[in-house]
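Heads up: the structure comes next, in structure tokens.
The values are calculated or read from the model by the stated rules, or taken from the named source; none is laboratory data. All values derive from a computational prediction rather than experimental measurement. Here Cβ is always computed from backbone atoms with ideal geometry, including for glycine, and neighbour counts include all displayed protein chains.
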């Protein structure tokens, strides 16, 4: 009965949440903020006023998020990427999304570990786990503002491209750290660190190889099928089969496999050129992605409680400070070096500030926070910190971006 209740609850709440889109535009508020509020109010009314069970259970979140929602979000992000612009800025994007993402994870982990200062209840592994999920950026709301304000295209592609690879890297690292929490302790010292690094690289690169292979197979199949609906069916099945093949069968990164598969159509040329079929596929995946994102934010609202803010407010503040410090530190210490080697296309100090302030957190951070195993003693602390950081980035960073853009006048 609980599964039926959960389906009915979301079927009622999602259409109501969709009606909030024009409200968000009228109030100049980020749409995800209203989705979180809608989830929270809907849950409170359902449980406290009507005394009904929403049917939403923590133990179901991990499977739903990893096997249903994340493949959609990653594939759609890869599919919409402009590969020409991505290629022109690939070096900077890869620096932002790989070594700097790992550095950001370390800085956030150090900040949380020392700030919370509770080694028994919040050990180093918990801090690293929190650092990994808090390092995933989601600048969709910021990029839409950049487009309206005619911010240079390069700045938009840097944020968008960083998010694409950054999210995948964060998910891979998160999965490895989750595995370490339930397996035997890793070897300490240099050998243990070397083992973690090699494991990360093998899972990461192995997933890419699988995705390229399945993406090319998908392209070939779509050349054989001329009906656009059959092409959509083939594409959807191949996305999920790619994820399962890499993640479950081969024990590699399903996220990286889906990411690579999503980049293949743009690189090798669409198989759906006739009758604007590529546009039809894009629109369907945009639709699926919008549903997945709405589900994440509504679920976040449903699972928010008042006690999070009363009991975990200090951990939230430490998390916000650590995320901001990590972002500004990584950007401002790295781009002088990047500009030295790219003197013809330097990133100005004003653009560096916008990159720092525009690195907001959102869908992937919430998705990973929702998928935390409740068997971990510190899962509630990490989730509370994640919620606090996402709410801060949405309410403060996103809403102040327009005044900043007007002041900077790029």
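Using the structure shown, decide if residue 216 is modelled with pLDDT of 90 or more and either assigned to a helix (DSSP H, G or I) or within 19 Å of residue 366 (Cα to Cα) (or both). Walk me through how you get there before you give the answer.
On the way: modelled with pLDDT of 90 or more: yes; either assigned to a helix (DSSP H, G or I) or within 19 Å of residue 366 (Cα to Cα) (or both): yes.
It is true that residue 216 is modelled with pLDDT of 90 or more and either assigned to a helix (DSSP H, G or I) or within 19 Å of residue 366 (Cα to Cα) (or both).
Could you identify the single residue in 324, 404, 355 that is modelled with pLDDT under 90 and in contact with a helix residue (DSSP H, G or I) (Cβ under 9 Å, 6 or more places away or on another chain)? If you could, list the steps in order and put the result at the bottom.
Numbers: 324 fails: modelled with pLDDT under 90; 355 fails: modelled with pLDDT under 90.
Testing whether each residue is modelled with pLDDT under 90 and in contact with a helix residue (DSSP H, G or I) (Cβ under 9 Å, 6 or more places away or on another chain) leaves just 404.
From the list 136, 120, 126, 141, which one is free of Cβ contacts under 8 Å to residues at least 60 places away in the same chain and over 19 Å from residue 83 (Cα atoms)?
Numbers: 136 fails: free of Cβ contacts under 8 Å to residues at least 60 places away in the same chain; 126 fails: free of Cβ contacts under 8 Å to residues at least 60 places away in the same chain; 141 fails: free of Cβ contacts under 8 Å to residues at least 60 places away in the same chain.
The unique qualifying residue is 120.
Quick check, is residue 59 assigned to a helix (DSSP H, G or I), modelled with pLDDT under 80 and exposed (fewer than 14 other Cβ atoms within 10 Å of the Cβ)? Give the steps one after another, and end with the answer.
Details: assigned to a helix (DSSP H, G or I): yes; modelled with pLDDT under 80: yes; exposed (fewer than 14 other Cβ atoms within 10 Å of the Cβ): yes.
Yes, satisfied.
Conditions tested, residue by residue: (1) outside the structural domain of residue 179 (by TED's automatic domain parsing); (2) more than 16 Å from residue 159 (Cα to Cα); (3) in a helix (DSSP H, G or I).
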{"site": "319", "(1), (2), (3)": "no, yes, yes"}
{"site": "356", "(1), (2), (3)": "no, no, yes"}
{"site": "360", "(1), (2), (3)": "no, no, no"}
{"site": "404", "(1), (2), (3)": "no, yes, yes"}
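Looking for whichever is at pLDDT below 90, under 21 Å from the mean Cα position of the chain (by Cα) and more than 30 Å from residue 47 (Cα to Cα) here; the options are 283, 342. Which one fits? Break it down into steps so the answer makes sense when it comes.
Working: 342 fails: under 21 Å from the mean Cα position of the chain (by Cα).
Result: 283 is the single residue among 283, 342 that is at pLDDT below 90, under 21 Å from the mean Cα position of the chain (by Cα) and more than 30 Å from residue 47 (Cα to Cα).
Filter segment 80-107 down to the residues that are assigned to a helix (DSSP H, G or I), at pLDDT below 85 and under 18 Å from the mean Cα position of the chain (by Cα) and list them by number.
The first filter runs over segment 80-107 and keeps only residues assigned to a helix (DSSP H, G or I), leaving 80, 83-88, 90-97, 99-107.
Subsequent filtering for residues that are at pLDDT below 85 retains 80, 83-88.
Within segment 80-107, 80 is the sole residue that qualifies.
Residues of segment 219-240 being within 24 Å of the chain's Cα centre (by Cα) and either surrounded by fewer than 16 Cβ atoms within 10 Å (Cβ to Cβ) or not assigned by TED's automatic domain parsing to the domain that holds residue 206 (or both), which ones?
Residue satisfying the conditions is 237 alone.
So which residues in segment 371-396 are in a helix (DSSP H, G or I) and under 16 Å from residue 297 (Cβ atoms), if there are any at all? Full working, then the answer.
The first filter runs over segment 371-396 and keeps only residues in a helix (DSSP H, G or I), leaving 379-396.
Listed by number, the residues that qualify are 383, 386, 387, 388, 389, 390, 391, 392, 393, 394, 395.
Out of all the residues in segment 325-342, which are in contact (Cβ under 8 Å) with a residue 12 or more places away in the chain and either under 22 Å from residue 391 (Cα atoms) or assigned to a helix (DSSP H, G or I) (or both)? Full working, then the answer.
Here is the first cut: in segment 325-342, the residues in contact (Cβ under 8 Å) with a residue 12 or more places away in the chain are 325-332, 334-335, 338, 342.
Scanning segment 325-342 gives 325, 326, 327, 328, 329, 330, 331, 332, 334, 335, 338.
The rows are residues; the columns are (1) in the same structural domain as residue 393 (by TED's automatic domain parsing); (2) within 18 Å of residue 11 (Cα to Cα).
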{"position": "38", "(1), (2)": "no, yes"}
{"position": "47", "(1), (2)": "no, yes"}
{"position": "64", "(1), (2)": "yes, yes"}
{"position": "70", "(1), (2)": "yes, no"}
{"position": "73", "(1), (2)": "yes, no"}
